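The values are calculated or read from the model by the stated rules, or taken from the named source; none is laboratory data. Please read all numbers here as calculations on a predicted model, not as lab measurements. We place every Cβ from the backbone using ideal geometry, glycine too, and count neighbours over all the protein chains shown.
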Amino acid sequence: MSSAPWSAPQHSAAVVPGGPRRPGRRDLLRAGLAVPPLAALAGCGSGGTSGDPNAIRIVDYYNTPADDVAINGTFSACAEELGLTFSRERVPGDQLIAKVLQMGSSRTMPDLLMLDNPNVQQVAESGALASLEDYGLTAEGLTPAVADLGRYDGTLYGIAPTVNTIALFYNVQLLEEAGVQPPTTWDALRSAAEAVTTEGRYGIAFSAVANYEGTWQFLPFMWSNGGEETDLSGEGVLGASQFWSDLVRDGLASRSVVNWKQGDVMDQFKAGHAAMVVNGPWNIAGLEADTPDLEWDVVTIPVPTAGGEPVAPLGGEVWTVPLTGDEDKQRKAAELLKAFVAPENQLFMAGERSTIPGDAEAARRFGEENPDLSTFVEQVATARSRTAKLGPDWPRTAKAIYTANQRVLVDDTDPAEAFDEAARTVS
């Protein structure tokens, strides 16, 4: 996922054994697009590279100053060491998959392509990506969940050098004044929210917006309650939706959560309108810059019962090598990617972007050196890939989840009714 995973976020000649498969219209529908079929990506041919054999063309959606320092700086150092040059084309995150389709049909795929991790399996399924293992890149050192972000059908198509997830931010002063500890369970979260809710201030805020951010924020509650994306009408899913609904119904969370994206949620926290918020590390820089006097801290997402393990989704971008028909250029792109994702570079990029290295040992070091982010390092250790169980079918289920929660929170629909309908739409 990008810093704010939109997942369409989360969100990767010799590619797949047996040769590339040419998918039909179902691939197109999964991407939510009604333009020339995704099959155009498979065997995309030449034309996507420049005439200079050492010039690597890169497409990504990073567009902040911190991103440019981290990404440009790392690519510059790696390319110089390898005797390569590079150029970057920045595409807005919500337009990237459409751009990939367009590049595939016009045979202009780049040499390196960044994808939000939930999209990797869709693109890999089309046969458009090279197996990184063919070029000597492996998932060694990555946690299994981080490695899964770049895998499809057992083959490694991409690597995420840094990842992110979400946790619970809280206003230290407000909780201390109310005499409550940072919550670790749902009951404690509700009690804390009750203690700090006043006129003009809600106890907690989260994003239940009608897009993939709403699903992203719901997953820690759903997964930690035993809910599964493969069983949307199950008790674990219903219990999590009811918990959210009760917070809103009882005035501990604003009904506006159905309209708030994650940035809006953090704005509520900065303004003092919410004492606790579910959010990610990408907003820490803005939080510190805009409210330097605010004392805040972070804990992992509270779980239904004491002793449970918090399970949150993994966000982050995965870097891939598309099949361009130029084998020499593909090899050089893979060499550049291998240098780019080296653990020391992961540490640098994570520090610049407030994300977490994908390499387990680098992540441990990062947590020690950056205590403000240590909670996210802890949360990443138990986080899950959104596509691990459903693969390319994840986007359809993600939509069903946020649609059901909208019905629950906007229309006061019973969670059992809303999620029973959601289960039918994906069956």
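Which is within 17 Å of the chain's Cα centre (by Cα), assigned to a loop (DSSP other than H, G, I, E, B) and within 26 Å of Ser224 (Cβ to Cβ), of Ala350, Ala398, Ala388?
Numbers: Ala350 fails: assigned to a loop (DSSP other than H, G, I, E, B); Ala398 fails: assigned to a loop (DSSP other than H, G, I, E, B).
From the options Ala350, Ala398, Ala388, the qualifying one is Ala388.
Say we look at the range 284-300 and pick out the residues that are among the aliphatic types (A, V, I, L, M) and assigned to a strand (DSSP E or B); which of these is nearest to Arg190 (Cα to Cα)?
As a first pass, look at the range 284-300 and keep what is among the aliphatic types (A, V, I, L, M): 284-285, 287, 289, 294, 298-299.
Now narrow it down to the ones that are assigned to a strand (DSSP E or B): 298-299.
Working: Val298: 17, Val299: 15 Å.
The qualifying residue nearest to Arg190 (Cα to Cα) is Val299.
To keep it simple, each residue is scored yes or no on (1) modelled with pLDDT under 95; (2) surrounded by fewer than 22 Cβ atoms within 10 Å (Cβ to Cβ).
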position: Ala312; (1), (2): no, no
position: Ala350; (1), (2): no, no
position: Arg365; (1), (2): no, yes
position: Asp372; (1), (2): yes, yes
position: Gln379; (1), (2): yes, no
position: Arg386; (1), (2): yes, no
position: Asp412; (1), (2): no, yes
position: Ala418; (1), (2): no, no
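Filter the range 404-413 down to residues that are of a type outside the set (Gly, Ala, Ser) and within 12 Å of Leu232 (Cα to Cα), then give me how many there are. Qualifying residue count for the region: 1.
Kindly establish whether Asn283 is touching a strand residue (DSSP E or B) at 6+ places or on another chain (Cβ under 9 Å) and at negative phi. Break it down stepwise before answering.
On the way: touching a strand residue (DSSP E or B) at 6+ places or on another chain (Cβ under 9 Å): yes; at negative phi: yes.
Yes, satisfied.
Restricting attention to the range 242-272, the residues that are in contact with a Gly (Cβ under 9 Å, 6 or more places away or on another chain), small (Gly, Ala, Ser) and surrounded by 20 or more Cβ atoms within 10 Å (Cβ to Cβ) add up to 1. Within the range 353-363, take every residue that is under 15 Å from the mean Cα position of the chain (by Cα) and crowded, with 24+ Cβ neighbours inside 10 Å and give me the one that is farthest from Gly141 (Cα to Cα). Top of the filtered list is Thr355. Remark: pairs (first residue in the range 302-325, of a type in the set (S, T, N, Q); second residue modelled with pLDDT under 95; Cβ separation under 6 Å; 6+ apart in sequence or on different chains) = Thr320/Ser12; Thr324/Gly48; Thr324/Thr49.
Could you pull out the residue among Leu323, Leu373 that is farther than 16 Å from Gly141 by Cβ, under 20 Å from the mean Cα position of the chain (by Cα) and either aliphatic (A, V, I, L, M) or not assigned by TED's automatic domain parsing to the domain that holds Ala79 (or both)? Talk me through it step by step, then tell me what you get.
On the way: Leu323 fails: under 20 Å from the mean Cα position of the chain (by Cα).
From the options Leu323, Leu373, the qualifying one is Leu373.
Name the residue that is nearest to Pro161 (Cα to Cα), counting only residues in the range 301-343 that are among the β-branched types (Val, Ile, Thr) and part of a loop (DSSP other than H, G, I, E, B).
Of the residues in the range 301-343, the ones among the β-branched types (Val, Ile, Thr) are 301, 303, 305, 311, 318, 320-321, 324, 341.
Going one step further and asking which of them are part of a loop (DSSP other than H, G, I, E, B), we end up with 301, 305, 311, 321, 324, 341.
On the way: Ile301: 24, Thr305: 33, Val311: 21, Val321: 14, Thr324: 23, Val341: 5 Å.
That would be Val341.
Considering the range 226-241, and only residues there that are in contact with a strand residue (DSSP E or B) (Cβ under 9 Å, 6 or more places away or on another chain) and surrounded by fewer than 24 Cβ atoms within 10 Å (Cβ to Cβ), the residue that is farthest from Ala192 (Cα to Cα) turns out to be Gly234.
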